[in-house]
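Undergrad: Below is one structure. I have some questions about it.
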Amino acid sequence: MTAHATSRMRRARRRDRRVYLFSHPVLFALLASTRRRTVRRLGGTVLAHSRAAFRDGLTRVPLDRTAAGTTGGAAGDLTGGDLLFNQDGDDHRGTRRTLAESMSADGVERLRPVWTTVLDRRLAPLAAGGRIDLVDVAAELAGATAAALLGLDVDARALAAAARAAAAAGAREHLPGLPRPGGRRTAEAATARLTALLTPPEPGRDPAMAAMLAVAAINTTVAALPRAAAWCADADLWAYAETAPDALTSELLRVTAPTPLLPRVAAAPGTVDGHPVHAGDRLILVARHAVDAHRTDPRPADPAPPQVAQLVFGAGPHACPGARLARRQLTDALRALAAFRPRVVTARVDRRSALPGWSRLILAPAR
């Protein structure tokens, strides 16, 4: 790699680190200070940093899917629903089968015109020398896709705004630390606004499940797409969107790790990377460290093996059923953007979002 390319890569990494340092500084400082050990115990909390520990936490330790402070506990608590995140056994497997069918290869191809239409329209200002806010574009793209997936006739941007507000309020309510005044009421009100937009969902899908799908799909996309584009612009990776699009997508999802950590609770004893876990222990599974996002830059010419890159979507029975959809969306978006070789004009961190990301990312075409 040339000195110029190295300098650009460093600039890209410095910019991307801001989403962690400005959004949840205390939490990520703790994770950074403990990552030298593959597994670190702090009282009843087990921090799992290594690849093996991350996998073990999802595949070898029985999990309490309804525990307070976990994704499933927060989702079920706010919606009152029986969701994928907090189901067990046959219910969990049945829900996953339903989602897998709707987000199969054929299902994703049926949805593609939804987001490509948004991209064609919203990126048009770049062709005329204008600027775009990619966060706003990503929100509309994600909202339109979620609405189509759920069979809803609803404004895409309104749906995206409601899903983002619900996720942010829920995350603030369940983050460690002192209770936030009014946090519970804010989270319930945000969830109620989202549920109102989702009623009725397509036949056979209850509003709570629809809310879970909307929150997961929209927030992940709004976090991942702008961060990936900023990496491309800062590190000059646009050419790979045309010559090696799948490798570029895989590497950018790896280094951005849109859901950087997974909070879980052990339902029974187990081990992670050889370290004992007790029933009731809180597990913090750090996806960002498991895939080396904190120390390895994106390498589209020599991407990480699929079994590593895929960990950003979980593992085993806890793998995200929307991985194919997320990858296809990001590939299409980066290819569309690459035609303009855009540069970053303004990047503002979102300090309130559930996932680390930008609140604004203004792009302009190459000079």
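The values are calculated or read from the model by the stated rules, or taken from the named source; none is laboratory data. What you see is a predicted model; the values in this text were computed from it and never measured. Backbone-built Cβ (ideal geometry, glycine too); neighbour counts: all protein chains shown.
Undergrad: Out of R122, R131, which single residue is in contact with a strand residue (DSSP E or B) (Cβ under 7 Å, 6 or more places away or on another chain), surrounded by fewer than 16 Cβ atoms within 10 Å (Cβ to Cβ), among the charged types (D, E, K, R) and at pLDDT 95 or above? Spell out the reasoning first.
TA: On the way: R122 fails: surrounded by fewer than 16 Cβ atoms within 10 Å (Cβ to Cβ).
Going through R122, R131 in turn, the sole match is R131.
Undergrad: Would you confirm, using the coordinates I've provided, whether R254 is under 26 Å from A146 (Cα atoms) and basic (K, R)?
TA: Details: under 26 Å from A146 (Cα atoms): yes; basic (K, R): yes.
The answer is yes for R254.
Undergrad: Quick one: in the range 346-367, of everything that is part of a strand (DSSP E or B) and hydrophobic (A, V, I, L, M, F, W, C), which residue is farthest from the chain's Cα centre (by Cα)?
TA: First, pick out the residues of the range 346-367 that are part of a strand (DSSP E or B): 346-349, 358-364.
Add one more test, that the residue is hydrophobic (A, V, I, L, M, F, W, C), and what stays is 347, 349, 358, 361-364.
Numbers: A347: 19, V349: 16, W358: 13, L361: 17, I362: 21, L363: 21, A364: 25 Å.
Here the residue is A364.
Undergrad: May I ask you to list the residues in the range 138-161 that are in contact (Cβ under 8 Å) with a residue 40 or more places away in the chain and assigned to a helix (DSSP H, G or I)?
TA: Keep residues of the range 138-161 that are in contact (Cβ under 8 Å) with a residue 40 or more places away in the chain, which gives 138-139, 141-143, 145-146, 149-152, 154, 159-160.
Selection gives A138, A139, L141, A142, G143, T145, A146, L149, L150, L159, A160.
Undergrad: Now a separate question. Do any residues in the range 329-342 that are at pLDDT below 95 have Cβ atoms under 6 Å from those of residues that are crowded, with 24+ Cβ neighbours inside 10 Å and part of a helix (DSSP H, G or I), where the two are at least six apart or on different chains, and which pairs are they?
TA: Filtered contacts from the range 329-342: no entries.
Undergrad: Quick one: which residue in L78, L21, L27, L47 is surrounded by 20 or more Cβ atoms within 10 Å (Cβ to Cβ), at pLDDT 85 or above and not in a loop (DSSP other than H, G, I, E, B)?
TA: Selected residue: L47, the only one of L78, L21, L27, L47 that is surrounded by 20 or more Cβ atoms within 10 Å (Cβ to Cβ), at pLDDT 85 or above and not in a loop (DSSP other than H, G, I, E, B).
Undergrad: Continuing with this model, one more query. Just checking, does the range 322-339 include any residue being in a loop (DSSP other than H, G, I, E, B) and either on the phi > 0 side of the Ramachandran plot or acidic (D, E) (or both)? Even if it seems obvious, please write down each step before you answer.
TA: Of all residues in the range 322-339, those in a loop (DSSP other than H, G, I, E, B) come to 322, 339.
Remaining after also requiring either on the phi > 0 side of the Ramachandran plot or acidic (D, E) (or both): none.
No, because not a single residue in the range 322-339 is in a loop (DSSP other than H, G, I, E, B) and either on the phi > 0 side of the Ramachandran plot or acidic (D, E) (or both).
Undergrad: While we're here: Condition test on A235, is it among the small types (G, A, S) and modelled with pLDDT of 75 or more? Write out each step before concluding.
TA: Values: among the small types (G, A, S): yes; modelled with pLDDT of 75 or more: yes.
In short, yes.
Undergrad: From the residues in the range 340-354 that are crowded, with 22+ Cβ neighbours inside 10 Å and hydrophobic (A, V, I, L, M, F, W, C), which one is nearest to W231 (Cα to Cα)?
TA: So, considering only residues that are crowded, with 22+ Cβ neighbours inside 10 Å and hydrophobic (A, V, I, L, M, F, W, C), the one nearest to W231 (Cα to Cα) is A347.
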